[in-house]
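Peer 1: Pasting in a structure now, in structure tokens, and then I'll have a few things to ask.
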Amino acid sequence: MTDLDKQRASGPDAGPDAGPDTGSGRIGEPRVEMRGITKSFGALDVLRGVDLTVRRGEVVGLVGDNGAGKSTLMKMLAGAVTPDRGEIRVDGVPLAGSGPRAARAAGIEMVYQDLALCNDVDVAGNLFLGRELYRPFSRRMDTKRMHEEAAKDLATLHIRITDTRRMVGAMSGGQRQAIAIARAVTFEPKVLVLDEPTAALAAREVEMTLQLIRDVSARGVSVVLITHRLQDLFEVADRFVVLHEGVNHRELAPAETDLGGLVTAMMGK
Ligand SMILES: Nc1ncnc2c1ncn2[C@@H]1O[C@H](COP(=O)(O)OP(=O)(O)OP(=O)(O)O)[C@@H](O)[C@H]1O
Ligand SMILES: [Mg+2]
């Protein structure tokens, strides 16, 4: 967390009184504004003028059928895919088409559905990928410090991986997913996008991930959660945004629907 974030987090809208629950008091001004997002892959019109607003501290559940365009929309926010048309603003600053570095600099972190981890690099190396620590006045990486910091980061997140020297490729799906989440969180993002983060996790780890989402959102981080585990969304989301065949179909508050209602909306009804 930056000092500014800490200051903000101790403000009236996100202090301890706001509590860890999803009361609207912690939700602030719009942070992400995506407008008229359009994308085709060849003849396939994947997104046709989609809008999405995410407020400070808000947890948005982005749902829709397979192929509805959820991952593509979020890859655009993370700078990995360039929209054909449309605007993306983060805290008012235009971002569309400026690439992954600019997105990261703007505070966007995404855990990809297909986990962008390096299999032949160890746990610490993956956590520090792209922001490696170096020894003072040297071009040599400070691997000792990276392992120490990685172990600390994992412990803070209650992730039970004790050996940060293990190659990620040799680890289980759930462990890899946990590492990818830890990696994103330790960048201290303003906006955390989780694309199916819990698909490979055991029940205990799912609960931990949901708690992590509550914790970061209570500190003012905006979260977009994509998951087919709809019951998880009811635990953490402030709002559901339903995409259907590349357009905005519905927006629902958890209080005004139930699992059946959300499934129906996802089917485009
Ligand atoms: N790079 C690409 N090239 C061609 N087609 C693509 C590409 N990326 C996505 N698509 C297509 O765009 C459509 C939307 O894909 P996307 O991954 O955004 O869906 P999704 O809503 O995330 O689905 P799921 O729930 O299955 O993850 C799909 O039909 C997919 O095949
Ligand atoms: Mg997807």
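Peer 1: Considering the chain as a Gaussian network with a 10 Å cut-off on Cα pairs, which listed residue, 194, 230, 62, attains the greatest mean-square fluctuation?
Peer 2: Looking only at 194, 230, 62, the largest GNM fluctuation is found for 230.
Peer 1: For all pairs of alpha-carbon atoms in the stretch 121-166, what percent lies in each bin of width 5 Å, listed from the first bin to the last filled one?
Peer 2: 5, 24, 32, 21, 11, 4, 2
Peer 1: Which one of 264, 83, 129 has its Cα pushed farthest toward the positive end of the charge dipole of the chain, where Lys and Arg give +1 and Asp and Glu give -1 at the Cβ?
Peer 2: The Cα lying farthest towards the positive end belongs to 129.
Peer 1: Next question, about the same structure. Compute the length gained on full extension between residue 105 and residue 141: take 0.36 nm times their separation in residues and subtract their Cα-Cα distance, giving the result in nm to one decimal.
Peer 2: In short, 10.7 nm is gained.
Peer 1: Counting every Cα pair in the chain, what percent are over 27 Å apart?
Peer 2: Result: 39 percent of Cα pairs exceed 27 Å.
Peer 1: What does the extension gain come out to for residue 258 and residue 120, with contour length at 0.36 nm per residue minus their alpha carbon separation?
Peer 2: Contour length minus the Cα-Cα distance gives 45.4 nm.
Peer 1: Straight-line reach from residue 144: which lysines have a Cα under 28 Å away, not including same-chain ones fewer than 8 places off?
Peer 2: 152
Peer 1: Under a crude label model (7 Å from the Cα following the beta-carbon direction), how far is residue 162 from residue 202 in nanometres?
Peer 2: My value for the distance between the label points is 1.5 nm.
We did not get these values from a lab; they are worked out from the coordinates using the rules stated. Quantities reported herein were computed from a predicted structural model and do not represent experimental measurements. Cβ atoms come from the backbone with ideal geometry, glycine included; neighbour counts cover every protein chain shown.
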